[in-house]
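Taking it in order: structure first as structure tokens, then the write-up.
What follows is calculated from the coordinates using simple rules that are stated; it is not laboratory data. As the structure is a prediction and not an experimental result, all values here were calculated from the model. Heads up, the Cβs are rebuilt from the backbone with ideal geometry, glycines too, and the neighbour counts pull from every protein chain shown.
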Amino acid sequence: MSVEGGELERTLGFLEAMTLGGGTMIGAGIFILPGIAARNAGPASSISYAIAGFVALLAALSLSELATGMPIAGGSYHYVNRALGSLFGSIVGWGMWSGLMFASAFYMVGFGQYIVEPVPFLDGRGYVILLGLAGLALLTGVNYYGTEESSSLQNVMIGSETAVILVFVVVGVFFIQPGNLDPFAPAGAEGVVATTGIVFISFLGFEIIATVAGEIKNPSRIIPLSMILSVVLVTILYVLVMLVSTGVLPYGRLADSPIPVADVARSYLGPAGAVAIVLAAIVAAISSSNSSILAASRVIYAMGRDGVVTEWLNKSHPRFFTPHRAIVTTSAFTAALVLVGLRVDTIVSLLAEAASFSFLVAYSLVHVSIVVFRRADPGEYDPSFSLPTPLYPAVPILGVVLSVVVVTQMAPVIVLVGSGIVALGVLWYAAYARTRVVGEGLLREAISPGPADVYRVVVPVANPETQRGLLRLAAASAHANDHLGEPELLAVNVVHVEHDSSLQNVEADRVDHQRDLLAAATEFADEMDVTLRTRALTARDTGEAILDVLDEGDADEVLLGWGGETSEGRPVTSATVADVVANAPCDLALVSLRDEVGAAVGVLDGGPDDVAVARRTAEFAAVEDTTPTLVVVSPDGRDDADEPGREADLVAEVAAAAGRSPEEYSVEVLDGDDTRAALETVLGRFDTVCVGYPNESAGLHSAVERAVSTVVATGGHSVAVVRSSPDDSTE
Amino acid sequence: MAPIDELRILVPVDVSDPDPTRLGVLDLLDPLEVVLLGYFPVPDQAEPALIRSEYEDEAESRLRDVAGGRSDLTEVLVFTHDRETTIDRVADQYDCDAVLSVREIDDIGRILVPLRGDVNIERIVSVTARLLQASDATVTLFHSVAEDADESYGEFLLRGATDRLVEFGIDEARVDWEFSESGDPQAEIVQLGGEYDIVVLGESEPSLGDRIIGRVLSHVVDELESPALIVRDTEPGDEGET
């Protein structure tokens, strides 16, 4: 099997990403809101659109970097959750979900307005709401049953609505009457900024590209390109539409219309123009709302993946394979919001502002997240699109400031509702998510760069579940060296990828592995009171990836799992492990673990690995708080009876070099003439045996090797084969 | 001169089906290299990783069932929104020469090979030769003559193809020809195909129109009652590597 559990195909190309982003944005926002915008800010509302577009562009820039660093489902939620932890993750997750509901409700009310207004015998808000609900029911049904490869239909829909708007703008420019544009800003700068908050909803959509990032081909190229391009193009389009609208009709007349753009079109394109705009608006509302439902299911999926919401929501339909519960829940809330329109006059602008509020809060936190990622610099964060120096930190700083400015200008009721949703996120975190999520944010690492002296034990594990013993031993080893520096356990897991991964979502695998790793290692890190860091990587060459981690991470020692097989006294390992053994820049131990670590004994032979052996023996003994024991053999395997003090001298020397006092160790003396038999007897009394790495020139260790082989063969012992770091052994 | 040395065939199977197609055909293809692609179609509404987390075990065991213990198969399991994209990508990655559309099939006795004058003809004939070498089948070369075209062109085409098969060591008695002048080659192929065990088709380069309305070829393949072996157009390996 190629990849464990199956590969995840990336299927969305550039065109699909653009129609997804652009298609969601070009929706009710531009067909409905020009009336409200004109009422609030007059012709200057085109500037509101430009400002909103700029705020969106800032978010798109930050999101591009984060999305290429972590191309996986969830968008803003995922990045904030990773960077700032699950409290802020909950806030943004709930914010995005509710924001998408507000937006969806807004699109559907717009859908109703654009059908009700032009049709003579339909009148009144009741019909608008009814049609909105009918449209929503239709969309819910379609999404419940599921669609496949529907992108071609989407392309045709988005293409035609864009064409209609282009004709509207290109022809309309010639009908602008300069008199209509004067006064340009009747409500002043304040009105312009306040309107920005309302029209910002017209830009929701580029984010959907990040939300489905796990499904986009060549994410490193297509995500930034399609996000930034769609925001820029759509901004230009909106500004032109607004200029044409306010230039052709006096803004006072626009303000009274629920279908302003169609009215403008009627004035210079005749009834045909109005019909075209009406149809485009209907199509646009449907496609925008549809994308919002798709995006919502990705956000809920991502939240479920992290344990922030219950997995129940994400269970897929047994026949249609759609996340039907998430879809129905989203639609039910959306329908409730549409229904509010029966009672509330200004439902359209309220829904627009509420959605804008949620996403502005999310984007502010996204801007903070990019700073956190840059500062904490976790090893796996390597975005292919990285903001260049003047843009970083300018983009995130400006992004936060502008988002806050726009939010503060919103209607008090919106600020209240929005803050309520934020509070809900906090409550949800406290009541539900806090105890269920795995993983902490990077905030702490970003704020404090960590102590200068760290004793770092690296442990690469292939399967965190079966290698719990190794993780525990590694945590204990780090703890036993707390006198040398802040003890830290760095658990590493490399996901092997066979091929170029730009067409598959390997990031999803990586995140899964990282979470498993974290879940398995946290217990031991807490027990031993050591700092835990985890790194899951994807790489074609596992050995090389591990060596990179050792180099970058400035490791003090690395523990590798080993099956315990030997051949001619040398440990048998996979090619990957052999590669790491041959090139590790630090102390290294191949560990074959049995049930318990227990009492540990180290074999000193006067060779280059003695110091490392003494260190490991002390560490292993510390796991169950026993006294480490050393046994001395002479280099050629014979017991040197001529030098009675030799053992004590060697132990003292080695212990000093290992940074420990000789008194910490107890020393065993070999008994009898046959070193091998004597060694076997001694080793047999212990649970864990530590020996130096067999040297290239055979014979040097032969007695030891044979004794160890015998011990290994009994299967009752844990064995560690230890090699000193190259720096030590050259001395 | 030999036909393609190692004919490698991609066999896609839908593993969302609780009872996937039994592939007796894999035994028939035994002398060939087979890449077995289990794909799980994921609707647009679901993130593929979500479906994988729920169905990976089932999908793996279904794929193993289909493989039926054959050890020489390469198995690939993919969760995808788009079957075609996945087939293309996997075929590139594993250098497959042809893709088999799977129907129930117990025997390769009669092979139908419709030929147009396309550039791909060399590869189609090579693949056919390899298939003939691996079985005792007979082959019918088929050409649909366009209404205003010269009939001798079709004869020239099939003669050339036959000569090439003979060069590959195929007994000429195993090859026969059929012409049609109905003017609707697609309907003709679908109709005729029902009488054969397998149809070998060339892949056509997708045009812009194809991208919007779907490939013509896939209609033919969907309508065919027999399995179709679609010979890939691109030289394998020139895109998949980086």
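How much of the DSSP beta bridge set in the protein assembly as shown is antiparallel, as a percent to the nearest 5? So the antiparallel bridges amount to about 15 percent of the total.
A simple count of charges around A:GLY35, restricted to other residues whose Cβ falls under 9 Å of its Cβ and scoring Lys, Arg +1 and Asp, Glu -1, yields -1.
In sequence order, region A:374-391 has phi-based couplings of 5, 6, 6, 6, x, x, 7, 8, 9, x, 7, 9, 10, 4, x, 3, x, 6 Hz under the Karplus curve 6.51 cos²θ - 1.76 cosθ + 1.60, θ = phi - 60°, and Gly or Pro positions carry x.
Translational diffusion coefficient of region A:382-475 at 4 °C, 1.567 mPa s, Stokes-Einstein with Kirkwood Rh over Cα pairs, in µm²/s as a whole number. Translational D for this selection: 69 µm²/s. The A:GLU380 and A:ALA677 beta-carbon pair, evaluated with R₀ = 60 Å, returns a calculated FRET efficiency of approximately 0.75. Highest mean packing first, where packing is the average number of other Cβ atoms within 10 Å per residue, the peptides A:357-364, A:180-187, A:346-353, B:187-194 line up as A:357-364, A:346-353, B:187-194, A:180-187.
Using only the Cα atoms, work out Rg/Rh for region A:546-593, with Rh taken as the Kirkwood radius, to two decimals.
Numbers: Rg = 11.0 Å, Rh = 11.2 Å.
Rg divided by Rh gives 0.98.
Distant-in-sequence amide contacts of A:ARG10, defined by a placed amide H-H separation under 5 Å and a gap of 5 or more residues or a different chain, comprise A:GLN504, A:ASN505.
Protection proxy ranking for A:47-56, A:316-325, A:285-294, using the average of other Cβ atoms within 10 Å per residue and placing the highest first: A:285-294, A:47-56, A:316-325. Remark: mean inter-chain Cβ contacts per residue of B:89-97 equal 3, using a 10 Å Cβ-Cβ cutoff to other protein chain atoms.
Which order results if A:CYS690, A:CYS586 are arranged by neighbouring Cβ count within 10 Å, fewest first? Present the calculation step by step, with values, prior to reporting the outcome.
Numbers: A:CYS690 32, A:CYS586 22.
The order, fewest Cβ neighbours first, is A:CYS586, A:CYS690.
Placing unit charges on the Cβ atoms only, positive for Lys and Arg and negative for Asp and Glu, gives chain A a dipole magnitude near 5560 debye about its Cα centre.
Summarise the long-distance tail of P(r) for chain A by giving the % of C-alpha pairs beyond 39 Å. That fraction is 46 percent. The packing ranking of peptides A:329-338, A:8-17, highest mean first, is A:8-17, A:329-338, where packing means the average number of other beta carbon atoms within 10 angstrom of each residue.
Take every residue in peptide A:531-540, count the Cβ atoms of other chains within 10 Å of its Cβ, and give the average of those counts.
For this peptide, the per-residue mean of nearby foreign Cβ atoms is 0.
Per residue of peptide B:80-87, the mean number of Cβ atoms on other chains within 10 Å of the residue Cβ is 6. Counting charges near A:SER76 (Lys, Arg +1; Asp, Glu -1) among other residues having Cβ under 13 Å from its Cβ returns a value of 0.
Here the Karplus relation 6.51 cos²θ - 1.76 cosθ + 1.60, evaluated at θ = phi - 60°, turns the backbone of region A:308-313 into coupling constants of 7, 10, 5, 5, 3, 4 Hz, with x for every Gly and Pro. Taking amide H atoms as placed 1.01 Å from N in the peptide plane, the amide H of A:LEU537 lies under 5 Å from those of A:ASN493, A:VAL494, A:VAL495, each 5 or more residues away in sequence or on another chain.
The fewest-to-most ranking of A:TRP312, A:TRP562, A:TRP428 by surrounding Cβ atoms within 10 Å reads A:TRP312, A:TRP428, A:TRP562. Across region A:125-135, coupling constants 3J(HN,Hα) worked out from phi with the 6.51/-1.76/1.60 Karplus curve, θ = phi - 60°, read 5, x, 5, 4, 5, 4, 5, x, 5, 5, x Hz, and Gly and Pro carry x. Backbone amide hydrogens, once placed in the peptide plane, bring B:VAL231 within less than 5 Å of B:VAL99, B:LEU201, B:GLY202, B:GLU203, excluding anything fewer than 5 places away on its chain. Residues B:GLU84, A:GLU7, arranged from fewest to most other Cβ atoms within 10 angstrom of their Cβ, appear as B:GLU84, A:GLU7.
Tell me the net charge near A:ALA326. Cut-off is 10 Å between Cβ atoms, A:ALA326 excluded, with +1 for each Lys or Arg and -1 for each Asp or Glu. Spelling it out: positives minus negatives among the neighbours equals +3.
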